[in-house]
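Notes to accompany the following structure.
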Amino acid sequence: MITPPLWRDYRQNNRMEAYKCKNCGFVSYPEKRRVCPQCKKAPSEFETITLGPKGRVLTYTVAHALPAEFEPPIPLAIVEMDGGGRIYAMVSDCKPDQMKVGMEVELDYREIFQEDGYRVQSFKVKPVKKGEEPK
Amino acid sequence: MGISGYGVYIPLYRVKLKEIATAWKEDAQPSGEKSVAYFDENVLTLAYNACINAIKHADIKPSDINALYLGTVSSPYTEASLAAPLVNALGLPENVEAVDFGASTRASTAALQAGLDAVKSERLENILIVGSDVLVGAPGTSFEYTAGSGAAACILSGNGVIAEYEDSFFYTTGFADKWKNVESGYPLYGDTGFVRRYGYVEHVVKAAKGLLEKLGDSAQSFNHVVLQQQESRLISEASKSLGFTPEQLKAGMTLENFGDTGSASILIGLSAILDQAEPGQRILAVSYGSGSSAALSFKVNEKIYDKRENSTPVKSFKENKEYIDYFTHLRQNRIISRTE
């Protein structure tokens, strides 16, 4: 039964909702917190924001051994988003040898897994392709 | 009142049609290629990317959109909305009207017409329309050569319009040419020659002629024409019968690049035309599916220049691609999978 866990984290997974401390600007994702881990204000007020759409790769690894529904090798990256917040995401439309620390990536809505025939989507990241960008 | 912005999304991967012919040891070596969704792409994810590009192009805030209408014939569900989770993913407000159109490759023009009516009647201000399909043909069939994947979206508004809506005309008989059973998963066809003559060609010609008569126009009145991108022979037969020149069809032709993108194909063609259209030019779009056709006409205005720099042109998707072999295509579209 996937409905309860899906619904609990739906806003974080389906629309990248994150929470920004009104005291110091720290962006918490995916946890909705009471105490800010950066300025330690307790309780702090958090503003709901949407992450992205762009960020930079802080570090990455390449996963080779994954369950059958995935298609390894898949790069996995920790990304610092432009408006604040860090995410851990799979990288799409990118071969492992194209990965670089510091590369610019953007959020990309993709299917993550299926259960009982229901497709669950969330966000991966993909390299920003030069030339596709609006001027 | 009309289109205030548009956006397209095509998956990165392509398979050359001659790869398919070689795999089946066919003598003919067809030219062209088709787009193939990756393992983690589906109707919803393609639609999302097209919508993001349309919102960017229209230069509109997501909070100003009042409705999202999605058209597809390849939803994985007979019950479960795709439009509703898409509203959430795009960050649109929760009071947005979300509607799913389906059952025929005419779905996106049905959504377009419903949206145009809602804006015209001033019930809604800005409506996001999206057509998205991940089509898969049964291995070894002719549809395998054309079945492609892609999505296109446009925003309909009263203000900031770049292409004014003029009029529409419909032709409906219920002719049975193509259907997909829940059990089979692949589309099935009636007798090919018969279907060609009495299905696509007759319906496209009658809807287009009906609109030309209604508007008092001739075939030469339109600068650009896009016909449902189903099969090159059908497009050329219908356009010949209507008196359209290859020059009129050129900008909206995407079949050779992406294949048949189903309900997305008319909106992709329309976007490709808008990428290069000039103010004052007129566009005719004719969709077809399941024994019914719709013809719609638009006139481009000078505001098209203001938004052109916001666009992700169809040309960029034609150029930005990676080729995969036939076997990878079968795996990516889950036609075959590893036995556990």
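For the residues B:Ala54, B:Ala98, B:Ala107, the requirement of being hydrophobic (A, V, I, L, M, F, W, C) and in contact with a Leu (Cβ under 6 Å, 6 or more places away or on another chain) singles out B:Ala98. B:Ile162 meets each of the listed conditions (1) in contact (Cβ under 8 Å) with a residue 60 or more places away in the chain; (2) within 13 Å of chain A (Cβ to nearest Cβ) apart from (2).
Of all residues in the stretch A:35-54, count the ones that are in a loop (DSSP other than H, G, I, E, B), surrounded by 11 or more Cβ atoms within 10 Å (Cβ to Cβ) and away from chain B (no Cβ under 14 Å).
The qualifying residues number 8.
Restricting attention to the stretch B:309-333 and to residues that are free of Cβ contacts under 8 Å to residues at least 24 places away in the same chain and within 21 Å of the chain's Cα centre (by Cα), the residue that is farthest from the other protein chains (Cβ to nearest Cβ) turns out to be B:Glu319.
Yes or no: the stretch B:281-296 includes at least one residue that is of a type in the set (Lys, Arg), within 20 Å of B:Ala153 (Cβ to Cβ) and outside any helix (DSSP H, G or I).
At the first step, the residues of the stretch B:281-296 found to be of a type in the set (Lys, Arg) are B:282.
Imposing the further condition that a residue be within 20 Å of B:Ala153 (Cβ to Cβ) reduces the set to none.
Checked against the condition, which is being of a type in the set (Lys, Arg), within 20 Å of B:Ala153 (Cβ to Cβ) and outside any helix (DSSP H, G or I), the stretch B:281-296 yields no hits at all.
The residue list A:Ala77, A:Ala89 contains one member that is at pLDDT 90 or above, part of a strand (DSSP E or B), farther than 24 Å from B:Val43 by Cα and in contact with a Phe, Trp or Tyr (Cβ under 7 Å, 6 or more places away or on another chain), which is A:Ala77. Determine if the stretch B:237-251 includes at least one residue that is modelled with pLDDT of 95 or more and under 24 Å from B:Ile55 (Cβ atoms). Yes; the residues of the stretch B:237-251 include at least one that is modelled with pLDDT of 95 or more and under 24 Å from B:Ile55 (Cβ atoms). Among residues of the stretch B:162-183 being among the acidic types (Asp, Glu) and surrounded by fewer than 19 Cβ atoms within 10 Å (Cβ to Cβ), the one that is modelled with the lowest pLDDT is B:Glu183.
A:Val57 meets the conditions (1) within 14 Å of chain B (Cβ to nearest Cβ); (2) among the aliphatic types (A, V, I, L, M); (3) in contact with a strand residue (DSSP E or B) (Cβ under 9 Å, 6 or more places away or on another chain) in every case but one. The failed one is (1). Residues that are surrounded by fewer than 19 Cβ atoms within 10 Å (Cβ to Cβ) and not acidic (Asp, Glu) were ranked within the stretch B:266-280; the one that is nearest to B:Thr245 (Cα to Cα) is B:Gln276. With the structure loaded, tell me whether B:Leu112 is within 14 Å of chain A (Cβ to nearest Cβ), touching a Ser or Thr at 6+ places or on another chain (Cβ under 9 Å) and either without any contact (Cβ under 8 Å) to a residue 40 or more places away in the chain or more than 19 Å from B:Lys61 (Cα to Cα) (or both) or whether it fails that test. Criteria not met by B:Leu112. When you scan the stretch A:92-103, do you find a residue that is part of a strand (DSSP E or B) and either more than 14 Å from every other protein chain (Cβ to nearest Cβ) or under 19 Å from the mean Cα position of the chain (by Cα) (or both), even just one? Checked against the condition, which is being part of a strand (DSSP E or B) and either more than 14 Å from every other protein chain (Cβ to nearest Cβ) or under 19 Å from the mean Cα position of the chain (by Cα) (or both), the stretch A:92-103 yields no hits at all.
Does the stretch B:291-306 hold any residues that are hydroxyl-bearing (Ser, Thr, Tyr) and either touching a Gly at 6+ places or on another chain (Cβ under 8 Å) or buried (at least 24 other Cβ atoms within 10 Å of the Cβ) (or both), and which are they?
Here is the first cut: in the stretch B:291-306, the residues hydroxyl-bearing (Ser, Thr, Tyr) are B:292-293, B:297, B:305.
Hits for the stretch B:291-306 are B:Ser292, B:Ser293, B:Ser297.
Please find, within the stretch A:106-127, the residue that is farthest from the other protein chains (Cβ to nearest Cβ) out of those that are over 14 Å from B:Leu44 (Cα atoms) and modelled with pLDDT of 95 or more.
First, pick out the residues of the stretch A:106-127 that are over 14 Å from B:Leu44 (Cα atoms): A:106-107, A:115-117, A:124-127.
Applying the additional criterion that residues be modelled with pLDDT of 95 or more yields A:106-107, A:124-127.
On the way: A:Glu106: 10, A:Leu107: 9, A:Lys124: 7, A:Val125: 13, A:Lys126: 9, A:Pro127: 11 Å.
Once the filter is applied, the top-ranked residue is A:Val125.
Filtering the stretch B:24-62 down to residues that are over 17 Å from the mean Cα position of the chain (by Cα) and without any contact (Cβ under 8 Å) to a residue 60 or more places away in the chain, which residue is nearest to the other protein chains (Cβ to nearest Cβ)? The extreme case among them is B:Asp40.
Pull up the stretch A:60-72, narrow it to residues that are of a type in the set (A, V, I, L, M) and assigned to a strand (DSSP E or B), then point me to the one that is nearest to the other protein chains (Cβ to nearest Cβ).
We begin by selecting, within the stretch A:60-72, every residue of a type in the set (A, V, I, L, M); these are A:62-63, A:65-66, A:68.
Narrowing the set further to residues that are assigned to a strand (DSSP E or B) leaves A:62-63.
On the way: A:Val62: 17, A:Ala63: 14 Å.
Looking at the filtered set, the residue picked out is A:Ala63.
Just give me the residues in the stretch B:70-83 being surrounded by fewer than 16 Cβ atoms within 10 Å (Cβ to Cβ), among the small types (Gly, Ala, Ser) and either within 11 Å of chain A (Cβ to nearest Cβ) or touching a residue at least 60 places away in the same chain (Cβ under 8 Å) (or both), in sequence order. Across the stretch B:70-83, the qualifying residue is only B:Ala80.
The values are calculated or read from the model by the stated rules, or taken from the named source; none is laboratory data. This is a predicted model, so every value here is computed, not measured. Every residue, glycine as well, gets a Cβ built from its backbone with ideal geometry; the counts of neighbours run over all protein chains shown.
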